[in-house]
Amino acid sequence: MATIKLEVVSPDQVVYANDIAMLIVRSTAGELGILPRHAPLVTGLIPHAMRIKLNGGAEEQLLAVSGGFMEVTPEKITVLASAAEGPDNIDVNRAQKAYQRAKERIAAFHQGAPVKDKDFDVKRAEFALQRAKARLVAAKAHFDE
Ligand code: ATP
């Protein structure tokens, strides 16, 4: 069965390394499926739950990535992520709080509430929401869209 190496690296550790059947990621250019012998590629990643297919595609693992870059060669996929966590390392309670906090900040901004925090940046809140959502999806935890 054809496989391709996947290595996911965060600033402090190798988070994941394995021979896999396929990787499905959300890149800055849209969703991409990477199979063995994929053409060389470099792209940015947005925060999401990557889907890692194993055993010829019969098994799927999820991994939350907080944005970064992906380099693909025909033999290897390297993901350089600002942060990445597998389901066992995700603090669901923390992610739910981060999700709620970001959602409330974005809603208040769109309702024209006075901005208390002079450093408030709606884009930053939107990215925080995406990171929290990626963690909740990867942990298969509940959240209200
Ligand atoms: P928070 O607002 O809860 O700090 P964040 O999205 O701002 O979340 P990041 O800046 O993406 O956090 O990550 C900072 C560090 O904390 C990284 O090492 C990341 O792996 C870790 N981290 C963040 N949230 C979680 C979580 N829910 N579970 C486990 N680790 C987390």
Roughly what % of Cα-Cα distances in region 45-107 sit above 19 Å, to the whole percent?
45
7 Å from Cα along Cα→Cβ at both Ile106 and Thr3: what's the point-to-point distance in nm?
3.7
Relative to the longest principal axis of the C-alpha atoms of the chain, give the angle of the C-alpha long axis of helix 92-110, reported between 0 and 90° and rounded to the nearest 10°.
50
Using alpha carbon centers only, region 76-108 is separated from region 4-68 by a whole-angstrom value of 17
For region 4-85: relative contact order, % (alpha-carbon pairs under 8 angstrom, 6 or more apart):
34
Where Rh is the Kirkwood radius over Cα pairs, Rg/Rh for region 4-85
0.92
Within 9 Å, Cβ to Cβ, of Lys53, how many net charges do the neighbouring residues add up to if Lys/Arg are +1 and Asp/Glu are -1?
-1
Quote the FRET efficiency, to the nearest 0.05, computed for Glu126 versus Val42 with a Förster distance R0 of 25 Å and r equal to the Cβ-Cβ distance.
0.55
Quick one: give the max-minus-min coordinate of the C-alpha atoms of region 90-138 along each principal axis, largest first, in Å.
33, 16, 16
For the chain, calculated [θ]222 nm from helices alone, where every DSSP H run of n ≥ 4 adds -39500 (n - 2.57):
-8500 deg cm²/dmol
In what order do Ile34, Ile77 fall by count of nearby beta-carbon atoms within 10 Å, going from fewest to most?
Ile34, Ile77
Based on the Cβ-Cβ distance of Thr73 and Thr28, what FRET efficiency does E = 1/(1 + (r/R0)^6) give at R0 = 22 Å, to the nearest 0.05?
0.70
For the chain, build the charge dipole from Cβ charges (+1 Lys, Arg; -1 Asp, Glu) around the Cα centre, then report which of Phe109, Ala21, Ala141 sits farthest towards its positive end.
Phe109
Whole-number Å³ per residue for the convex hull built on Cα positions in the chain
117
Could you tell me which of Met50, Ala84, Thr73 has its Cα farthest along the dipole of region 4-85 towards the positive end, charges placed at Cβ (Lys, Arg +1; Asp, Glu -1), taken about the Cα centre?
Thr73
Highest-MSF residue in the chain out of Ala49, Ala58, Ala128 [GNM, Cα springs under 10 Å]
Ala58
Mind pulling the angle between the C-alpha long axis of helix 122-138 and the longest principal axis of the chain? Nearest 10 degrees, somewhere in 0 to 90.
50
Quick one: work out the % antiparallel among DSSP beta bridges in the chain, nearest 5.
90
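Values in this text are rule-based calculations from the coordinates and carry no lab data. As the structure is a computational prediction, the values presented were derived from the model and not from experiment. Positions of Cβ are generated from backbone atoms using ideal geometry, with glycine treated the same way; all protein chains shown enter the neighbour counts.
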